[in-house]
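J.: I am attaching a structure below and will ask some questions about it afterwards.
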Amino acid sequence: MMRESGFLEVGNLKKTVKKTSRCFWGSWGRRNQIIYQVTWKHMKMNPKRTWTTFLGIFFMILLMTCVFVGRRTAVGYLQEVGSQRKGKWHISMYDVSGKELQEVKSLAYVKEMACSADFGYGDFEASKDSTQPYLYVKAYEPPCFDWMSLKLKEGRFPKNEKEVVISQSALDDGASIAMGDSIKMRYFNRSITGTQEGVTTTFPFQNLSVHFGETLDLPWSFPFYEENESFRIDREYTGEEIELTVVGIVETPWFEQKDAAGYTAFTRYEDGISSTFNISLTLDMEKAPGNLYEEFLKIAGNHEMEFNNYVLAFTGDSSDSSMNLIIQMMSAFFTLVIMAAAIILIYNVFNISFEERSRYLGMLCSVGATGKQKRSSVYFEAIVLFFPALPLGFFGGCCVVFLGMSLFQPFIYTIMSISEAVLGKVPVSIEFSYEDIAFIAIISALTVALSAILPAKKISRIGPMECIRGNIEKADLKKQARPKAMQRLQAERLLAQNSLKYQKRKARGMKRASCVFMVILIITVSGTQMITKLVSYRILDRGALSTSDEDWDSKGRVMIRGEKNNFSTNISIRDNGNGIAPEDLGHIFERFYKGKNSSEDSIGIGLPLSKQLIMLQNGTIHAMSELNIGTEFYIKMYSDIII
Amino acid sequence: MEILRCENLSKVYGEGDTCTNALKNISFSVEKGEFVSIVGPSGSGKSTLLHILGGVDKPTKGKVYINGTEIHSLKEDKLAIFRRRQIGLIYQFYNLLPMLNVDENIGLPHLLDGRKLDMDRLNMIVRSMGLEERRSHLPSQLSGGQQQRVSIARALYNRPAILLADEPTGNLDRNTGAEIVSLLKESNRTQKQTLILITHDENIALQADRMLCIEDGEITRDERIRVLGGGEFEKNS
């Protein structure tokens, strides 16, 4: 009996606990349910105000998205544009052997590594273009295909050294080749030998001169020239004849030279295929040490090595920390400005509706709503508006970023000094990570919460009496008319003053909200102006820039003209200044040379440096001048070249 | 059985020069099931007294006991909960939520408590108030008398310990007013509902068991009109 009753008691207790807990949660939800219902209906009855609040939250999320998604998209885009120059790899070492490979492999901060090799030329009988009778075959390990931005047009990438993919440019030129065809070839390198005594043949576009009796290896981009009496082109075979099967066609690679002697083709690099090869790698930037460059230089030793600075500059490389710092500071600054603006805006919208909201909350209060329930009304409204605003604002922000990036695209090319030759090659794609979305959601939620807390607290203080007497506004007005004042002033005037005060209170919220938008607008406009200024500062150091003959007569004008053809980009820069004396003209590219007409602050380093830079990039520069008329510089940059 | 007692209630509005003594040391008690009417000229403090009794306003001094609980010593939220469970308030201007229909308005205090509506009770009350045809209407679609009936139904739904009505007929024509009073009297008679009613109308005041007259914040008369449960006149003071 005892046992039974004990059991029963325990059973009952369990039951009670269960029941209580269910009741607690259940009644808590239900207790606020009517508040939510009333709030929802109130929101529907005041669509204007509801929409204003919604738009406030929406724009806040939109702006937040612009900051975070915009940052990632811009950096990603800059990287992408940067990779157009040389590919997506970070560091490359050329003609290395197994020893270097092992050393690189042992580095913890190397994210991915791939080997490649240039196999050389092979006869391409299917070619219809007599100036491009070869295929130039490169062997890649799989990551290289992506790093070099190769895109398959059809078929697949090669799986072994017997398979090959061919550039679309061959097909465009009418080559009779298709997938599944086989090509027999023997790889060779080309060299040039001067054959006429006393004659030096110069190839200006390739920056190459060959003297009599001299033999030079030809670079892969060297065009096909018919031999003549002054030079001879030889082949040096590097292996036996092999048969390659075409397994795919790739879109013309960005690095393919239009005037090279061969179309580009790619096969698969396999271990041990070649005793020397190239290594390309990407780094894990978070782990990369500060002395990265020294470490790699040590490994590379005498071998040629290249840092892809166009990509490294935007990947958070430690050597370019100032840029990362600027990006981070800017996003923090904008986040704070947006948060502050949004809080003021949303707070004010909640506050403007104070009176009407107090009316129904006061009524609820008079039938026994608690402070918590009144507060939950404001929170409910904030949450109900926040959840649809989140995806919409995010989507809107992405659209704005996309539009902005599309508009800003030309500036990016200018900032990065990339010619229009590759412009348009990189479509803008929105980039974001899950962390970004989470961060935007959290920050926005925090902003909305902060904006709602004060009005909620204020509202929870409204007692039923204010509602019953209908003097909510008066209860909030600190200064009331006093009899003494009443005696001094006339009652009508006091009434007018009170009503004005009330109107002012209503208007204040609107004023604050519009101020916030003004501030955002000013910041945005001045920010854009700053960027534009920075960009134009790069182009135009001093003097006025002109692209037409208009106003040419006034002194101090500079005219820049440009044209582009298949082989080169030609730029002329002309001024109407004092000109250069004929005796000086031959020396202007010499270091520290100062001519008669040169300005006092000139130290004679600008032009020599310009020439060196231009020559480093396969270009030429020369000048023509006439005293008191002006000077004109001609710059010629060959093929895929930079301004 | 005593259901309401107030001791030395005072209420002062404003400070210094503008100081107004709305209530001065008021003490009285009400028995369960009693119907008390409060009369007095405008500004005499009767509405203030009712609001303090109903827990929506705070006295400057004094105590109010309802069912043995000193309501003004409760914390604000506790008081709100106490009010919705124990006190039914009827206002001159109904105080109905414009976005809720008749049924929802009636069940509001109950819903605020997080409880499910008792449909039998709701049906019964709606029927007794003659609102069957109007259950899904919004307050704006109802006449003044109908709105006041909804507000009475809301006050009665939770079976409050005490029902406080502040000039419930003040905004209505004579016939509708009489109808409302008879509904209130009905609940007082059949449910033994304690009722305190403020009115300007002497006819209505005289229908109560007891009449309090307030002038200038003080009770000037406390008259028993009929004995509880009986029908005879009795002078008390």
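J.: State the number of residues belonging to the stretch B:88-109 that are within 23 Å of A:ILE459 (Cβ to Cβ) and touching a residue at least 12 places away in the same chain (Cβ under 8 Å).
T.: Matching residues across the stretch B:88-109 total 13.
J.: Can you say whether A:THR335 is surrounded by 18 or more Cβ atoms within 10 Å (Cβ to Cβ), more than 14 Å from every other protein chain (Cβ to nearest Cβ) and either closer than 30 Å to A:PHE59 by Cα or at pLDDT 75 or above (or both), as far as the supplied structure shows? Walk me through how you get there before you give the answer.
T.: Details: surrounded by 18 or more Cβ atoms within 10 Å (Cβ to Cβ): yes; more than 14 Å from every other protein chain (Cβ to nearest Cβ): yes; either closer than 30 Å to A:PHE59 by Cα or at pLDDT 75 or above (or both): yes.
Yes: the conditions hold for A:THR335.
J.: Residues of the stretch B:72-99 being closer than 15 Å to A:ALA369 by Cα and facing another protein chain (nearest Cβ under 7 Å), which ones?
T.: Hits for the stretch B:72-99 are B:GLU76, B:ASP77, B:ALA80, B:ILE81, B:ARG83, B:ARG84, B:LEU89, B:ASN95, B:LEU97.
J.: Could you go through the stretch A:376-384 and let me know if any residue there is buried (at least 20 other Cβ atoms within 10 Å of the Cβ), among the charged types (D, E, K, R) and touching a residue at least 12 places away in the same chain (Cβ under 8 Å).
T.: The answer is yes, given that some residue of the stretch A:376-384 is buried (at least 20 other Cβ atoms within 10 Å of the Cβ), among the charged types (D, E, K, R) and touching a residue at least 12 places away in the same chain (Cβ under 8 Å).
J.: Further question: Can we say B:THR69 is away from chain A (no Cβ under 14 Å), surrounded by fewer than 23 Cβ atoms within 10 Å (Cβ to Cβ) and among the β-branched types (Val, Ile, Thr)? Spell out the reasoning first.
T.: Values: away from chain A (no Cβ under 14 Å): yes; surrounded by fewer than 23 Cβ atoms within 10 Å (Cβ to Cβ): yes; among the β-branched types (Val, Ile, Thr): yes.
Here the answer is yes, as B:THR69 does meet what is asked.
J.: Related question: What number of residues within the stretch B:127-141 satisfy the criterion of being outside any helix (DSSP H, G or I) and surrounded by fewer than 19 Cβ atoms within 10 Å (Cβ to Cβ)? If you could, list the steps in order and put the result at the bottom.
T.: Going through the stretch B:127-141, the residues outside any helix (DSSP H, G or I) turn out to be B:129-131, B:135-138.
With the extra rule that they be surrounded by fewer than 19 Cβ atoms within 10 Å (Cβ to Cβ), the set shrinks to B:130, B:135-138.
Result for the stretch B:127-141: 5.
J.: Hey, does the stretch A:71-91 have a residue that's among the aliphatic types (A, V, I, L, M), crowded, with 19+ Cβ neighbours inside 10 Å, assigned to a loop (DSSP other than H, G, I, E, B) and touching a residue at least 40 places away in the same chain (Cβ under 8 Å)?
T.: Residues of the stretch A:71-91 that are among the aliphatic types (A, V, I, L, M), as a first pass: A:74-75, A:78, A:81, A:91.
Then drop every residue that is not crowded, with 19+ Cβ neighbours inside 10 Å, which leaves A:74, A:78, A:81, A:91.
Now drop any that are not assigned to a loop (DSSP other than H, G, I, E, B), which leaves none.
No - not one qualifying residue is present in the stretch A:71-91.
J.: Next question, about the same structure. Residue check: is A:TYR638 aromatic (Phe, Trp, Tyr) and modelled with pLDDT of 75 or more? Steps first, please.
T.: Working: aromatic (Phe, Trp, Tyr): yes; modelled with pLDDT of 75 or more: no.
Judged against the criteria, A:TYR638 is not a match.
J.: Considering the stretch A:133-183 alone, what residues qualify as being among the β-branched types (Val, Ile, Thr) and farther than 17 Å from A:CYS115 by Cα?
T.: Passing the criteria: A:VAL165, A:ILE166, A:ILE177, A:ILE183.
J.: Considering only the stretch A:291-300, I want to know if a residue exists there that is surrounded by fewer than 18 Cβ atoms within 10 Å (Cβ to Cβ), touching a strand residue (DSSP E or B) at 6+ places or on another chain (Cβ under 9 Å) and assigned to a loop (DSSP other than H, G, I, E, B). Can you show your working first?
T.: Let us first name the residues in the stretch A:291-300 that are surrounded by fewer than 18 Cβ atoms within 10 Å (Cβ to Cβ), namely A:291, A:293-295, A:297-298.
If we keep only those that are touching a strand residue (DSSP E or B) at 6+ places or on another chain (Cβ under 9 Å) too, we end up with A:293, A:297.
Remaining after also requiring assigned to a loop (DSSP other than H, G, I, E, B): none.
Among the residues of the stretch A:291-300, not one is surrounded by fewer than 18 Cβ atoms within 10 Å (Cβ to Cβ), touching a strand residue (DSSP E or B) at 6+ places or on another chain (Cβ under 9 Å) and assigned to a loop (DSSP other than H, G, I, E, B), which makes the answer no.
J.: For the stretch A:592-607, what are the residues that are at pLDDT below 80 and surrounded by 13 or more Cβ atoms within 10 Å (Cβ to Cβ)?
T.: If the condition is that a residue be at pLDDT below 80 and surrounded by 13 or more Cβ atoms within 10 Å (Cβ to Cβ), then A:TYR593, A:LYS594, A:GLY595, A:ASN597, A:SER598, A:SER602, A:GLY604 are the ones that fit.
J.: A:PRO427 versus (1) within 14 Å of chain B (Cβ to nearest Cβ); (2) modelled with pLDDT under 80: which is the lone unmet condition?
T.: Single failed check for A:PRO427: (1).
J.: Taking the stretch A:562-579, which residues are among the charged types (D, E, K, R) and at pLDDT below 75?
T.: A:GLU563, A:LYS564
J.: I'd like to check something: does the stretch B:114-126 contain any residue that is of a type outside the set (Asp, Glu), more than 8 Å from every other protein chain (Cβ to nearest Cβ), surrounded by 20 or more Cβ atoms within 10 Å (Cβ to Cβ) and at positive phi?
T.: No, the stretch B:114-126 has no match at all.
Yes/no per residue for (1) surrounded by fewer than 19 Cβ atoms within 10 Å (Cβ to Cβ); (2) outside any loop (DSSP other than H, G, I, E, B); (3) at pLDDT below 90:
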residue	(1), (2), (3)
A:PRO219	yes, no, yes
A:PHE224	yes, no, yes
A:ASP234	yes, yes, yes
A:GLU240	yes, no, yes
A:PHE255	yes, no, yes
A:LYS258	yes, no, yes
A:THR264	no, yes, no
A:GLY272	yes, no, yes
A:SER275	yes, no, yes
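J.: Is there a residue in the stretch A:627-634 that is of a type in the set (S, T, N, Q), under 30 Å from the mean Cα position of the chain (by Cα) and at pLDDT 75 or above?
T.: No: zero hits.
J.: Considering only the stretch B:198-220, I want to know if a residue exists there that is within 15 Å of the chain's Cα centre (by Cα) and surrounded by fewer than 14 Cβ atoms within 10 Å (Cβ to Cβ).
T.: Looking for residues that are within 15 Å of the chain's Cα centre (by Cα) and surrounded by fewer than 14 Cβ atoms within 10 Å (Cβ to Cβ), one finds none in the stretch B:198-220, hence no.
J.: When the residues of the stretch A:103-130 are narrowed to those that are under 30 Å from A:ASP234 (Cβ atoms), part of a loop (DSSP other than H, G, I, E, B) and of a type in the set (S, T, N, Q), which ends up modelled with the lowest pLDDT? Let's see the steps before the verdict.
T.: Of the stretch A:103-130, the ones under 30 Å from A:ASP234 (Cβ atoms) are A:115-130.
So of that shortlist, the ones also part of a loop (DSSP other than H, G, I, E, B) come out as A:124-130.
Remaining after also requiring of a type in the set (S, T, N, Q): A:127, A:130.
Numbers: A:SER127: 87, A:SER130: 83.
This residue is A:SER130.
J.: Has the stretch B:148-160 got at least one residue that is part of a loop (DSSP other than H, G, I, E, B) and among the small types (Gly, Ala, Ser)? Explain how you work it out, then say what you get.
T.: Taking the stretch B:148-160 and keeping what is part of a loop (DSSP other than H, G, I, E, B), we get B:158-160.
Right, trim to among the small types (Gly, Ala, Ser) and you get none.
No - not one qualifying residue is present in the stretch B:148-160.
J.: Could you check, for the stretch A:208-218, whether at least one of its residues is of a type outside the set (Val, Ile, Thr), over 35 Å from the mean Cα position of the chain (by Cα) and within 30 Å of A:GLU112 (Cβ to Cβ)?
T.: Scanning the stretch A:208-218, I find no residue that is of a type outside the set (Val, Ile, Thr), over 35 Å from the mean Cα position of the chain (by Cα) and within 30 Å of A:GLU112 (Cβ to Cβ), so the answer is no.
The values are calculated or read from the model by the stated rules, or taken from the named source; none is laboratory data. Remember, it's a predicted structure, so these values are computed and weren't measured experimentally. Every residue, glycine among them, receives a Cβ derived from its backbone with ideal geometry; neighbour counts consider all protein chains shown.
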